[in-house]
Amino acid sequence: MTDTLQATLNPAEARIEEGQHHFDYGASKMGMWLFLFTEFLLFGGLFISYAVYRFLSPGDFHNAAQNLNLSLGVVNTVVLLTSSLTIAMAVTALQKGSVRLSVGLICATIALAIVFLVIKYFEWSAKFQHGLYPGGAELGALTKGQQQYFNLYFVMTGLHGLHLVFGTVLLAIVGFIVARRSPAAASGPEKSNSTVASQGAPEESGLVVPPSNAAGEPVMRPQDYVVLENAALYWHLVDVVWFFIFPLLYLIT
Amino acid sequence: MAAVRGAEGVLAEPNYLEYKGKGRGLLSWLTSLDHKRIGLLYLFSQVTFFLFGMTLGFLIRLELIHHGQTIVRPEVYNAFFTVHGVTMVFMFVIPGAAASLGNFFLPIMIGAKDVAFPKLNLMSWYCYIIGAIIVYASMFTAAGLPDTGWTLYVPYSLKTTTNVNMAAFGIFVMGFSSILTGLNFICTIHQLRAPGMGWFKMPLFVWSLYATSWMQVLATPILGITLVLLMLERVAGVGIFDPAKGGDPILYQHLFWIYSHPAVYIMIVPAMGVISEVIATHSRKTIFGYKMVALSSLAIALFGSLVWAHHMFVSGQSDAANLVFSLLTFLVAIPSAIKVFNWIATMYKGSVDLSPPMLFAMAFILLFAIGGFTGLMQGALSTDVHLHDTDFVVAHFHYVMFGGAGFGLFAGLHHWWPKMFGKMYNRRAATIACLLMFWGFNQLYFSMLILGWEGMPRRYWDYLPQYDTLNLIATTGSWVLITGLLTMFTNLLISVWRGRPAPENPWGGVTLEWTIASPPPLENFHVIPRITGGVYDFPEEVQP
């Protein structure tokens, strides 16, 4: 019996297996939202710690917050807010079919993210120069409440920065996918490039035959839209988390 | 079976065990996106970790057979119970019945061809295995295995020179597996149910997986951030839990248990789902109070997430907090009891078949009831002060986690083994194994209940001579238990090669997995089924 069954193993069978890895728009969006919940909860642990220590030593938190550079914080907030705008516009642009504009807006978002990280770098290095880092001599000399403030400052902004770096890499990948998949990118001089893309696609996308236009060039699929949408959602998460961190650390004094 | 399908004019297709996919041999398993194969990957890794943890448990009990040093030094003993705990909790019961049986049967039971995100599913398994490897790799570093206990409590975990960092990082990575599996299951249940399968037509195992998945998604990130902070304290000198730097160790306990108490329900709820399936099928009777059993899973998930500080009654937290958490702890008993009463009501006047899965399920009910009652005793503030950190606690959570989640998984294995492998195991050997396990289990852990009641502390390497007799009884009980476990695993394993072929529906079950061939075809269903009747509508007369 096994032999007869083995004999039926043919490419058509293989496609049945691959075909079951269907694409479900609703599930993809739902999965992303659930993932974002888990990210909020990750930061939630830090916010709880913040609430506890702020409650225990409000005066120390007030004093320690004076050491932060409010203007740099405001600039960074504006930068991040703008980046959320550009990525939202990138999604709309793609929905309206202007791929080139969408890719441009994704690039703008990445540029703004880099601006944010550079400013953050200068903020952190100023703290390090003053010895205000975990294990630093000056920090150890402060009151325990102030030490907790700076512990939380570094962990919260550090973890947020890490998410930002990850989000930037994600956007770069998504920008590449959008540019490669688009009918615009597939036409003209980049044609050879698109052929490579269609060969590389089966392993990556899980589909045997990617949809293509008459010329055999890959076109946008629902998967590609949802990838950008989900990446944008992730970017908004990074943004929203900052809108909690910023007032907690910089503004409430 | 192939012939029957041929007569229907449908192409005979290979079952999931025969279809090789892209690779050959082991590679065809390690790269498979098929939920059934991933379920078996989980199952075999879990059983491997379980056997390792069981060996450590055996050695711990051997050390405790008599007061004074028996086989190992105290430092080694500390590493033993830590690794035993980490292995059993994070690598065996937290994936538990959900990752192995859940992966295998969730899509089939809701009439789907796979989970919503097959690639994510495979990635979850890799997170799990890589995390486990990181934990064990600490064995080969100069610092050695951690000696803190599985809870990694500060301030000791900050001070110890053993390799807590790697253990914490390994658990952190395994957390991703848990989150992604939960996320995958929620999306699958929401999006991929077959036409006609409303929420209250889902099998109860699916309901229990749904509740578990929410807990996995919502609780695990808190463990993640707690472990990140712990690692940052050890590596970068951040002091959020360090009293010397203004930190509070109690905060660590809160954050740890905000995850780790729901984790207890992450372990037990899928097992309860398995038991609901087994009891209904082997009593040939529709489950009593279907809606209540289904919703009690959600109630357990909700209340179970609000009781974490009952682990901390003697930590110095406020009396007000103690009272609130004590009350909430008693409330969790209500949905748990709903399940137990409904199972028993299902068996009442049912056509009970004392098959091995049913025996395991009945053992589950008894052991879980003892575990639940002893839990209530510790939920009461006055008794908890007396019982805290004694062997009573250890025995209690073994009754719940091993007698509950463990026996639930074993019941599910015996229930679905013929479906998974298309082979029938030896019934007599399975029955003997179950009885041996039940006997050994009670001899071991009931002795520990009494020991703890008399004041024997947990995690101690040495004890007063007055505890000798009961410790000896407990240790001999562990040998009986291990004999039963090895008999069970051997019997199941042998059946894969030697067992006689199992029919499509050996138990007369009515859920969807019994409508397809054993072992299931590659893509489960040729045509997505349309659900009409209720989920446990057994026919009046069941063909044996």
Amide hydrogen neighbours beyond the local backbone of residue B:424, cut-off 5 Å, H modeled: B:500, B:502
Rh by Kirkwood over Cα pairs, then Stokes-Einstein D for segment B:301-412 at 0.890 mPa s and 25 °C, µm²/s: 161
Over the protein assembly as shown: Kirkwood hydrodynamic radius from C-alpha pairwise inverse distances, Å: 28.5
Residue B:233 - accessible surface, heavy atoms, 1.4 Å probe, Å² rounded to 10: 20
Solvent-accessible ranking of A:60, B:114, largest area first, probe 1.4 Å: A:60, B:114
Note, ³J(HN,Hα) from phi for segment B:471-479, Karplus 6.51, -1.76, 1.60, rounded to Hz, x at Gly and Pro: 5, 5, 4, 4, 5, 5, x, 4, 5
Trypsin sites (Lys or Arg not before Pro) within segment B:361-453: DSSP coil, no more than 12 neighbouring Cβ in 10 Å: none
Accessible area (Å², 1.4 Å probe, nearest 10) - residue A:30: 40
Three semi-axes of the equivalent ellipsoid, chain B, Cα gyration tensor, whole Å, largest first: 38, 25, 24
For segment B:28-34, 3J(HN,Hα) per residue [Karplus equation, 6.51 cos²θ - 1.76 cosθ + 1.60, θ = phi - 60°, Hz, x = Gly/Pro]: 5, 7, 6, 10, 6, 9, 6
Furthest towards positive pole of dipole, B:533, B:507, B:44, structure part the protein assembly as shown, Cβ charges: B:533
Out-of-range pairs (alpha-carbon distance over 26 Å; input A:29/B:419; B:201/B:339; B:285/B:339; B:291/B:423; A:29/B:291; B:36/B:291): A:29/B:419; B:291/B:423; A:29/B:291; B:36/B:291
Tilt relative to chain B, helix B:35-63 - C-alpha long axis, 0 to 90 degrees, to 10: 40
Between segment B:57-91 and segment B:375-413, the Cα center-to-center distance that results, in Å: 19
Folded to 0 to 90 degrees: helix B:319-347 orientation relative to chain B principal axis, Cα: 30
Nearest-10 value in Å² for the accessible area of residue B:401, using the 1.4 Å probe: 30
Sparsely packed chymotrypsin sites (Phe, Trp or Tyr not before Pro) within segment A:29-58, loop by DSSP, other Cβ within 10 Å at most 11: none
Dipole moment magnitude, nearest 20 debye, chain B about Cα centre, only Lys, Arg, Asp, Glu C-beta charged: 1220
At most 13 other Cβ within 10 Å, DSSP loop - chymotrypsin sites (Phe, Trp or Tyr not before Pro), segment B:291-390: B:348
B:417, B:150, reordered so the largest accessible area comes first (probe 1.4 Å): B:150, B:417
Charge dipole (the protein assembly as shown, unit charges on Cβ, about Cα centre) - positive-most of A:124, B:336, B:58: B:336
Sequence of A:56, B:481 when ordered by accessible area, the most exposed leading, probe 1.4 angstrom: A:56, B:481
Other-chain or far-sequence residues with amide H under 5 Å of residue B:242's (modelled H): B:247, B:248
Computed over segment B:480-529, the ratio Rg/Rh where both radii use C-alpha atoms and Rh is Kirkwood: 1.13
Estimated dipole of the protein assembly as shown in Debye, rounded to 20 [Cβ of Lys and Arg +1, of Asp and Glu -1, Cα centre]: 760
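The values are calculated or read from the model by the stated rules, or taken from the named source; none is laboratory data. It should be emphasised that the depicted structure is a prediction, and the values quoted were computed from it without experimental measurement. Heads up, the Cβs are rebuilt from the backbone with ideal geometry, glycines too, and the neighbour counts pull from every protein chain shown. Only protein heavy atoms, including side chains, enter the accessible area calculation; ligands, DNA and RNA are left aside. Shrake-Rupley method; radii C 1.70, N 1.55, O 1.52, S 1.80 Å.
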